[in-house]
Each structure stands twice: as structure tokens, then as C-alpha cells.
1. How many residues does segment 241-264 hold that are open to solvent by less than 30 Å² (accessible area, probe 1.4 Å) and closer than 28 Å to Pro213 by Cβ?
2. If the Cβ limit is 8 Å and pairs must be 6+ apart or interchain, which residue in segment 286-311 that is among the aromatic types (Phe, Trp, Tyr) pairs with which residue that is open to solvent by less than 70 Å² (accessible area, probe 1.4 Å) and in a loop (DSSP other than H, G, I, E, B)?
3. Are there any strands (runs of 3 or more DSSP E) wholly within segment 194-299 with 2 or more residues that are more than 26 Å from Phe114 (Cα to Cα), and if so which?
4. Quick one: Ile267 ticks every box in (1) over 15 Å from Ala300 (Cα atoms); (2) modelled with pLDDT of 95 or more; (3) open to solvent by 30 Å² or more (accessible area, probe 1.4 Å) except a single one, so which number is it?
5. What number goes with the only condition from (1) more than 22 Å from the chain's Cα centre (by Cα); (2) open to solvent by 30 Å² or more (accessible area, probe 1.4 Å); (3) more than 30 Å from Glu26 (Cβ to Cβ) that Phe221 does not pass?
6. Is it the case that some residue within segment 149-166 is farther than 19 Å from Lys341 by Cα, part of a helix (DSSP H, G or I), among the β-branched types (Val, Ile, Thr) and open to solvent by less than 40 Å² (accessible area, probe 1.4 Å)?
7. Do you know which of the residues in segment 270-294 that are β-branched (Val, Ile, Thr) and more than 14 Å from Glu15 (Cα to Cα) is modelled with the lowest pLDDT?
8. Taking segment 379-394, which residues are under 31 Å from the mean Cα position of the chain (by Cα) and not in a helix (DSSP H, G or I)?
Amino acid sequence: MQDFVKILGLKHRREVAGKSAIFSGEHFVLEETDWYLLNLFRLWWHYGISFLRLQMWVEEVMEKFMRIYKYQAHGYAFSSLEELLRSLGGEAFVNMTQRSVAESLLEVGVTQRFVDDVIAAVLRSSYGQSVLVPAFAGAMSLAGAQGSTWAVEGGNKLVCSGLLKLTKANVISARVTGISLHSSEGRALYQVHYESTEGQGSAFYDLVVVTTPLHPSRSNFTFDNFDPPIADLPGAFQPSVTSVVHGYLNSSYSGFPDPKLFPFTSILTTDTPELFFHAMDNICPVNISAAFRRKQPQEAAVWRVLSPRPLDKPQLKTLFRSYYSVQVAEWPTYPRYDAAKALPPVVLHESLFYLSGVEWVASSMEMTAVAAKNVALLAYNRWHQQLDKIDQKDLMHKVKTEL
């Protein structure tokens, strides 16, 4: 994603300082301050060296994951998610998609209390799920929670629109309804059927990449003439609701009767049954001027609330003293990680590829970008019969010798 921003000449949005806290439903179990050393002391006081063990674990995973950028820079690709993971971290990385993040962290010495308070809060905020999500997905989420995330000035959507424009692709504004298999001169040929405001249509392609999830709750098109047939993949997606509320925060709900004294701009929550939301934060506009400042806690501000279900009026009144408007978006955001154990395929047919399966390893824009480049390299290498660039072993050694 960083490379895309540079290529397109975009800028990182200016960050606006703000403090976070973790709420249990009754009180804050952990509060961030303006002083780095005080934050470290509080973590040590409550959880011992668990936060250091966590950081070491995440850094080890990320250091190995970063190898993918070298591999891809040299044109290497992988025909399955398992092969991609093995090239980065061996069988240990594959196993991290099959065991929970809680189990992995407890194994390296992180305490159960730290998992229940901190890890659970981060995963509820990012995936809307518990500490039972797979360890690899959990590591990616925890890496993002350590302050390395960023946004694009003007909105992250500028990356997508900018890349689309840069490729000069012929975009057909239509909904794909199906893909049927044909052949031409001994090679597979794919007919993509679609419908638009102008009616139904189709086009033939040598290579096709499917980016929509192929799961019963999300898939809405068919595959025809394939033998064996391409069926829906097992698994389901986690419903998530985002409510953008413009109003006055009810700080007394979290123990601050005087709203002027409420210091937090981001609230995460522990896995408590009584809590009806996962997280909420005071959001900033996509363009931030030098003169921009956050609203004071007693002023009306724009808050984003993440929850498993739409908030009803009593719940909104619990979080806000009053509000001017509420905008709600509900959609199946992330895979429900306990719903399937096997990773989806990358290759559905000879030159028919599947991109969205990477979400079952970890779901983020960066992971999707990595998977997209892998599919592009895989398609190129297969088309040009460069098989020595696919599923190679001991790639670290190969890359060093190529240098």
C-alpha cells in the first residue's frame, strides 16, 4: 500500500493526537495518558511483562511476513495460500491459521488477564470477534494496533480510484452473473456473463480473477461447464454494523459525570456480554488542515460506533446525551474465523484465479494488496511457462544469490 501511495503521488493524512482506553462495561481497565513512560508503567503494573512478550511475538511474525515483498520483487508467486505461508515462516505460519491467537500468546508467556483485557479489546475493535480468531489474523491485527496504521489524505478510496485510472483498464459497469468455461486452440477460455442498466452481456477472457467471496452468504453468480464443478466454499462472514453519530457523548456512562473531564477519543471494550458495542472513536475528516482541532468532549462531535447489531434508541441514549443524526452501514465485513478451518484455493481452474481467499488468513487492505500481486505474478508466470518462479523452496537463499 505504501508503494501505491508513492506511485500515485498521494500523501499520508496528518494524524491528530488522541488517547485510548479499554472499557469493561463498568469501568476502564486500562487508560492511555500523554506520557509514554507512564503508559509503560501502567502496563507493567497491571500485566507484568506480558506486553513485552506480545511485542516480541508480533515483531517476529512481522519480520518473517516482510519477506513477501522481496519475493514478489523478484517475480516469485505461489499457487496456494499454504505455499505462500510456508515460504515466509514454514509450517509454523500454516499452523497459525488453525490455532487461536489466545492459545499462541499463552504459550509464549502472555497472561490470561492480558489476553482477556487487551487482546480481546483489540480483536473486537478490528474483527468484531473474540480471542479465538486464528493466530495469524490476530498477529496482523495486533501489529496494526501498535500505532503503525495510517490513512491517505482525501480518503483511502483515492488509492483504488488512482490505481484504476493508472492501469487504463476498460471498466464495464455491470454485475457479473456467471462464468462459463469454453476452449480455444486447446486453451481454456472464460465467458463472463453480466447485466447492467443497458441489459445483459458477456465477454471472453483468457485470464479471470474472481475477487468476490465465494461463500453461500456472499456469492451471487454461477460457474458453468466446469468439471469438476466449482462449488461454494465453506465458511461464513461476520456481520458488522458501523454507526456514525453526530452528537454529544454521554461521558457519565463510563464514569465521567463532567463531560469536560472526559479525556479519550477512542474506546475499546472487553468481551463482556452486557456490552452492546465493540468500540467507538471520535473520527476526523479525510482532509485535515493545519488549523484543525478535535471537538472538546462537551461539544457535539462525530463518533463512529462499531457493534454486532444496529443500535436501538435506548442504546444510543446510553452512549449519547443527545444527537443530531445517525448514519448506519451494515454488511458482512470479515470472515467468521471459527466457521471454516481449511484455507480457500488460489487457483480455481487453469487460468481462473481467486483473490478473496486471503481474507481467511488475515483480512486487511495490505493483505489484499499482497494477494493481488501474488495472483498477478502467478497468472503471468503460468502464462509464460516460467514454472521456476512458482512455489519455489528456500526462497531466502535464492533471493540472496540473485542479488
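1. Qualifying residue count for the region: 3.
2. Phe292/Val16; Phe292/Cys284; Phe292/Pro285; Trp303/Ile283
3. Passing ranges, in order: 199-205, 208-210, 222-224, 237-249.
4. Every listed condition holds for Ile267 apart from (3).
5. (2)
6. yes
7. Here the answer is Thr272.
8. Those that are under 31 Å from the mean Cα position of the chain (by Cα) and not in a helix (DSSP H, G or I): Ile390, Asp391, Gln392, Lys393, Asp394.
The values are calculated or read from the model by the stated rules, or taken from the named source; none is laboratory data. Because the structure is a prediction, the values reported are computed rather than measured. All Cβ positions, glycine included, derive from the backbone under ideal geometry; neighbour counts span all protein chains shown. With ligands, DNA and RNA removed, areas are computed over all heavy atoms of the protein, side chains included. Shrake-Rupley method; radii C 1.70, N 1.55, O 1.52, S 1.80 Å.
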